[in-house]
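Some notes on the structure that comes next.
The values are calculated or read from the model by the stated rules, or taken from the named source; none is laboratory data. Bear in mind the structure is a predicted one, so any value in this text is a computation, not a measurement. All Cβ positions, glycine included, derive from the backbone under ideal geometry; neighbour counts span all protein chains shown. For accessibility, only protein heavy atoms count, side chains too; no ligands or nucleic acids. Shrake-Rupley method; radii C 1.70, N 1.55, O 1.52, S 1.80 Å.
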Amino acid sequence: MTDLKAQEKAAKKAEKARQKRIAQDEKAERKRFAKNGFSNPANPTRSVALTAVCAIFAVYCLFPFVYLMINATKTQADFTSTFGLGFGKTFALWDNIATVFTYQDGIFARWFLNTILYVVLGAGGATLLAIMGGYALAKFRFPGRKACFVIIIGAISVPGIALAVPQFLLFAKLGLTNTPASMIIPSLVSTFGLYLMWIFSDQAVPDELLEAARVDGAGEWRTFWQISLPLLAPGIVTTALFAIVATWNNYFLPLIMLKDSDWYPLTIGLNQWKDQASTAGGQAIQNLVITGSLITIIPLVIAFLMLQKYWQSGLAAGAVKE
């Protein structure tokens, strides 16, 4: 009995000494990484200041969403007479949603469907073209490949707003302004998506796997769709999300391309409602603008939450060189 207690005491003492050595090693490792200007994700340093900065950034990002949720529950009278982050006297969320979809003969639903049309055809087409172009640039060698790289990098550095006016002049010459084509065709070009899929295809699809497929008699088209495409899923989701958000939130392009309100996307339509109060005889409907804005961001939030796992792994692609 005495020997058993002595063994337990010795084991506890040894475990305590082991934990102490581990803590000392971790502390020394953190100091070494900090001295070299790096951090070790496997052994992170607990920083109160960094946590506070992250908390402030989280509040900054969530504040607009909280503001929308609170003010979407107010009537127009409560919106103008109560504190912005306080609830009104009447909970009018469901009434506001119903009014949003019935106001002006239900034009909001038309704007919503227009936006979905532009996203499906524009962002979907941009994603498909980026996938195929990036894969070809990564896995095939042809004359002018380096020139393509230079052009793509240069195109990424050009802001989209700088191309809006030349695009308008071109589409006006072709007679395509004030049509869905003036929104869809420019959205098909995503230089960042092309570059992202180029880098991801180079990392995610082993050349040996493609060679094995070719030896087995698979053509390039079959190899791409049945072998390469499943491996590119994280990069595809990341590219698609960037394209969807860019098309969904596009404001300046439809502002100059579209004049018919029946073809407006949500961004232009809600802005028109916002400016309605400043027109002669116009009615202030800020409560409907806020509610419509909340409805507008819900599909994006759902898309990000559903595809979060693939999106995060796609962003990390190429971060580590094997």
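What net charge is computed for the residues neighbouring ARG18, neighbours being all others with C-beta under 14 Å from the C-beta of ARG18, Lys and Arg scored +1, Asp and Glu -1?
Here the charged neighbours net out to +2.
Suppose each label sits 7 Å from its Cα in the direction of the beta carbon; what would the SER261-LYS5 distance come out to in nanometres?
9.0 nm
Give me the dipole magnitude in Debye, nearest 20, for the chain about the Cα centre, with unit charges on the beta carbon: positive for Lys and Arg, negative for Asp and Glu.
Computed charge dipole of the chain: roughly 1600 debye.
How large is the charge dipole for the stretch 150-250, taken about the Cα centre, if only the Cβ atoms of Lys, Arg (+1) and Asp, Glu (-1) carry charge, to the nearest 20 debye?
520 debye
How far apart, in nanometres, would the label points at PHE192 and ALA23 be if each is projected 7 angstrom from Cα along the Cα-to-Cβ direction?
Here the answer is 4.6 nm between the modelled labels.
How much mean residue ellipticity at 222 nm does the chain get from its helices, if each DSSP H run of length 4 or more adds -39500 (n - 2.57) and you divide by all residues, to the nearest 500 deg cm²/dmol?
On the way: 17 runs with 223 residues, N = 322.
Helix contribution divided over all residues of the chain: -22000 deg cm²/dmol.
At a Förster distance of 45 Å, what's the computed FRET efficiency of GLN286 paired with MET132, Cβ-Cβ distance as r, to 0.05?
Given R0 = 45 Å and the Cβ-Cβ separation, E is 0.50.
With Cα extents along the principal axes in Å in mind, check (i) 82, 58, 40; (ii) 60, 43, 38; (iii) 94, 66, 37 and report the label derived from this structure.
Given (i) 82, 58, 40; (ii) 60, 43, 38; (iii) 94, 66, 37, the structure-derived one carries the label (iii).
What is the extension gain from ALA172 to VAL150, computed as 0.36 nm multiplied by their sequence separation minus the C-alpha to C-alpha distance, in nm to one decimal? Numbers along the way, then the final one.
On the way: separation 22, 0.36 × 22 = 7.92 nm, distance 2.99 nm.
Length difference between fully extended and current span is 4.9 nm.
For the stretch 73-186, give the magnitude of the charge dipole about the Cα centre (Cβ charges: +1 Lys/Arg, -1 Asp/Glu; no others), in debye to the nearest 20. Let's see the in-between values first.
Working: 8 positive and 3 negative charges, 142 e Å.
Here the size comes out at about 680 debye.
Compare ALA212, ALA240, ALA23 in a GNM of the chain, Cα atoms joined below 10 Å, and give the one with the largest fluctuation.
Its mean-square fluctuation being the largest, the pick is ALA23.
Going by amide H atoms built from the backbone, whose H comes under 5 Å of the H on THR82, apart from near neighbours?
The list, which skips near neighbours in sequence, is empty: none.
Carbon and sulfur together cover what percent of the accessible area of the chain at a 1.4 Å probe radius?
Details: 13460 of 20090 Å².
Exposed carbon and sulfur together represent 67 percent of the surface.
Pick out, from TRP111, THR179, GLY235, the residue whose Cα sits farthest towards the positive end of the charge dipole of the chain, with +1 on the Cβ of Lys and Arg and -1 on the Cβ of Asp and Glu.
So the residue furthest toward the plus end is GLY235.
Which residue, LEU209, LEU113, LEU307, has the most motion in a Gaussian network model of the chain that connects Cα atoms within less than 10 Å?
With Cα springs under 10 Å in the chain, the top fluctuation among LEU209, LEU113, LEU307 is at LEU209.
Pick from GLN24, GLN104, GLN286 the residue whose mean-square fluctuation is largest in a GNM of the chain, springs joining Cα atoms under 10 Å.
Largest GNM mean-square fluctuation: GLN24.
Going by average Cβ density within 10 Å per residue, which order do the peptides 264-276, 175-187 take, highest to lowest? All intermediate terms of the calculation are to be shown ahead of the outcome.
Numbers: 264-276: 19.8, 175-187: 18.0.
Those peptides, ordered most packed to least, come out 264-276, 175-187.
Read phi for every residue in the stretch 195-211 and hand back ³J(HN,Hα) as whole Hz from Karplus 6.51 cos²θ - 1.76 cosθ + 1.60, θ = phi - 60°, with x for Gly and Pro.
In residue order, the calculated couplings are 5, 4, 6, 4, 5, 5, 4, 5, 8, 8, 10, x, 5, 4, 5, 5, 5 Hz.
Considering only protein heavy atoms, what per residue accessible area in square angstrom results for the chain with a 1.4 angstrom probe?
Details: 20090 Å² over 322 residues.
I get 62 Å² per residue for the chain.
Over all alpha-carbon pairs in the stretch 150-295, figure out the percentage whose distance exceeds 18 Å.
69 percent
Order these peptides, 291-303, 152-164, 61-73, by their mean beta-carbon neighbour count within 10 angstrom, highest first.
Details: 291-303: 17.4, 152-164: 11.9, 61-73: 14.8.
Put in order of decreasing packing, that is 291-303, 61-73, 152-164.
With everything on Cα atoms, drop me the angle between helix 48-71 and the longest principal axis of the chain, reported from 0 to 90° to the nearest 10.
Here the helix axis deviates by roughly 30 degrees.
If one computes P(r) from the Cα atoms of the stretch 56-95, what percent of pairs lie at distances over 11 Å?
Working: 476 of 780 pairs.
Cα-Cα pairs of the stretch 56-95 separated by over 11 Å account for 61 percent.
Pick out, from GLY292, ILE22, ALA10, the residue whose Cα sits farthest towards the positive end of the charge dipole of the chain, with +1 on the Cβ of Lys and Arg and -1 on the Cβ of Asp and Glu.
Farthest towards the positive pole: ALA10.
What are the ³J(HN,Hα) values, in whole Hz, obtained from phi via the Karplus relation 6.51 cos²θ - 1.76 cosθ + 1.60 with θ = phi - 60°, for each residue of the stretch 141-146 in sequence order, with x given for Gly and Pro?
In residue order, the calculated couplings are 10, 8, x, x, 5, 5 Hz.
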